[in-house]
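Below is one structure, written out as structure tokens; comments come after it.
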Amino acid sequence: MTDAATTSVASAPAGGATASVITSIPALDDGKLAAELKQATDGTGNALIVANAYTVLVLHRSTSASPWSAIGAGEFGPQSQKLCLRRLNKLAWASVEGDPRTVDIASIVITAPTAQTVKEWVTKANQITKPGGRQGDLNRKQKDELGYLAGWRCQFAGCGEDLRRHAATSTKGQSGYFAHIVASSPDGPRGDPIESVKLASDLENILLLCDACHRRIDKVEPHAYPTSVLRKMREDNIAEVKRLLDTLRYPEISTLAVIGNITGQPAQFSMDEAHEALRGRHLRTSDNKPQRFFDPGGAQHDVHESAYWVTTFQRLRQDLVALQSLLDGSRHGSARTSIGVFPQHSTSILALAGRVLGDTAGVHIFQPHRNIPPNTSRWAWPVGEAEPDPSKYALDVLREPHGSEREAVLLVELTAAIDYSRLPNDCFQGDELILPALRLSTASPDIHCIRHPKDLELVKKKIDDAVKVLQDEWRMNRVHVFAIAPASAVVALGQKMQARHQASYVIYESEAGKPQAPFKATIELTSKHVRELVSGNNQQQSLQP
């Protein structure tokens, strides 16, 4: 029998017992139903088929004195029919008006079927569940209209089978069924004495389905698909097809995933999520997989370990060449492919990625979000977020430069406030900042601070203002950067590090998972190189194209 639990019911009228109503049993297609029938009628067992006009319930008992147990309901198709015709002597039959799953077994009339009984039922069931359009319920213009609206794909949610090309042979043709939502026959699935005739040729009452999905809603488990469900399915499908086709008008971009291990756990990236996020920004990509850069693979994520940077720089030498090739178009006077950047990595690598990409048109940065609704891309802007106030982010001077000082501190406090005692001694001692300092902050630092496109725009503007102060006004040669900020903001920060007369930027990070751990230098970004500062080997890689 099926692995699902069977439902015990009382015996047929001859048993004299009162039956319970069957409410929950497995829904089976023809092949599975035939297999259950075969097992039920092997040996001394026999089976009872309770049939309405288009679907059946199958019950089993091992002896004539045993109670009937429901083993499955669904499609009584060619395989089940063939088996039954061979084992008529082990088969009982009952015809009912309503859903076979909910009948009271003690109240129905059970008979011994003949071959004629089975064949007549099959003929009538096929007539009742005939797919609209193949028998003339729709005209050619209506069929073409629904095919256009559905993109000639199965409209059943989650299927989408191509109905213009045979799945097995890939030959062109039309293999879809124009299936009624309200059955064209009052006796059919979702049939109605008035609406069935009225809506038989109404295009809005028709779903374009593949064979399997048509059988599913009409014969396998029609009870699971009432008219309300199918109407919404049709409406949602047409809207989704239109939305997807409309994306063909969107500019195409390349996808770049800057994904690494966060606190020792590999960051996950899905192209399905990327496609959804791109559509939200009126962009699209034909990439089946992203171009991954700065991916440490299985390397342990610890930016304060020498081994991490040895591995990272080995990969970096390859990635920078590949990444720079994406940028060569604009550098040689031709249009550069636009790039969608999906970042989730350490602060050091995110700043480096932004530095290489540069602050040029065509770079679209995406922000990963937490606590998103189910079936929603974490890279898409959350729905319903209010536009932030222009004053949400502030840039403050914490200490002005004195005399000929040429080193400064930039603090980016967006996700959380920074305890300055965690800064190295050459930046902060006692209760005082040793170097000139700027702070980019928000009144309520939080991991969700960037939730709206305007958030990122405002942050970029403040970063730009900070760079102007540091490089144009203060004329700093070296800037120590301490950032606790969302990934998109750190990439944007790196993008601004090559403007004007380039200063050197030293990036600091604290030990992962230890909020009060001191900040330590990891890399230095100069006008020409990236240099790692952890191993003591002065590894460096050119950033020049």
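If only residues of segment 404-441 that are of a type in the set (Gly, Ala, Ser) and part of a strand (DSSP E or B) are counted, the one that is surrounded by the most Cβ atoms within 10 Å (Cβ to Cβ) is Ala408. With the condition kept exactly as written, say whether any residue in segment 177-197 is part of a loop (DSSP other than H, G, I, E, B) and closer than 30 Å to Ile339 by Cα. No, there is no match, as no residue in segment 177-197 is part of a loop (DSSP other than H, G, I, E, B) and closer than 30 Å to Ile339 by Cα. Taking the listed residues Thr337, Thr311, the one that is at pLDDT below 90, in contact with a strand residue (DSSP E or B) (Cβ under 6 Å, 6 or more places away or on another chain) and surrounded by fewer than 19 Cβ atoms within 10 Å (Cβ to Cβ) is Thr337, with no other qualifying. Taking the condition modelled with pLDDT of 85 or more, touching a helix residue (DSSP H, G or I) at 6+ places or on another chain (Cβ under 6 Å), within 27 Å of Ser184 (Cα to Cα) and in a strand (DSSP E or B), does Leu33 pass? Answer is no for this residue. Just the residues that are over 26 Å from Asp211 (Cβ atoms) and of a type in the set (A, V, I, L, M, F, W, C), please, taken from segment 29-46. Hit for segment 29-46 is Ala40, nothing else. Of the residues that make up segment 208-216, is at least one assigned by TED's automatic domain parsing to the domain that holds Ala157, of a type in the set (Lys, Arg), assigned to a helix (DSSP H, G or I) and surrounded by fewer than 20 Cβ atoms within 10 Å (Cβ to Cβ)? No, there is no match, as no residue in segment 208-216 is assigned by TED's automatic domain parsing to the domain that holds Ala157, of a type in the set (Lys, Arg), assigned to a helix (DSSP H, G or I) and surrounded by fewer than 20 Cβ atoms within 10 Å (Cβ to Cβ). Does Ser527 count as assigned to a loop (DSSP other than H, G, I, E, B), assigned by TED's automatic domain parsing to the domain that holds Gly403 and not aromatic (Phe, Trp, Tyr)? Answer is yes for this residue.
Counting only residues that are buried (at least 20 other Cβ atoms within 10 Å of the Cβ) and of a type in the set (D, E, K, R), segment 32-72 holds 2 of them. Give segment 446-468 a look and list any residue that's assigned to a helix (DSSP H, G or I) and of a type in the set (Val, Ile, Thr), or say none. Matches in segment 446-468: Val459, Ile463, Val467.
Highlighted here are the strands (runs of 3 or more DSSP E) found entirely within segment 50-100 that include at least 3 residues which are within 40 Å of the chain's Cα centre (by Cα) and in contact (Cβ under 8 Å) with a residue 60 or more places away in the chain: 69-74. In segment 233-250, the count of residues that are polar (S, T, N, Q) and without any contact (Cβ under 8 Å) to a residue 60 or more places away in the chain is one or more. Could you tell me which residue of segment 507-521 is modelled with the lowest pLDDT, considering only residues that are more than 35 Å from the chain's Cα centre (by Cα) and either assigned to a loop (DSSP other than H, G, I, E, B) or buried (at least 23 other Cβ atoms within 10 Å of the Cβ) (or both)? Among residues in segment 507-521 that are more than 35 Å from the chain's Cα centre (by Cα) and either assigned to a loop (DSSP other than H, G, I, E, B) or buried (at least 23 other Cβ atoms within 10 Å of the Cβ) (or both), the one modelled with the lowest pLDDT is Gln516. Among the residues examined, Thr360 does not qualify as in a loop (DSSP other than H, G, I, E, B), among the polar types (S, T, N, Q) and touching a strand residue (DSSP E or B) at 6+ places or on another chain (Cβ under 7 Å). Just to be sure before I move on: is His275 modelled with pLDDT under 85 and touching a strand residue (DSSP E or B) at 6+ places or on another chain (Cβ under 8 Å) in the structure I sent? Answer is no for this residue.
The values are calculated or read from the model by the stated rules, or taken from the named source; none is laboratory data. These numbers were taken from a predicted model, which means no experiment stands behind them. Positions of Cβ are backbone-derived with ideal geometry, glycine not excepted, and every protein chain shown enters the neighbour counts.
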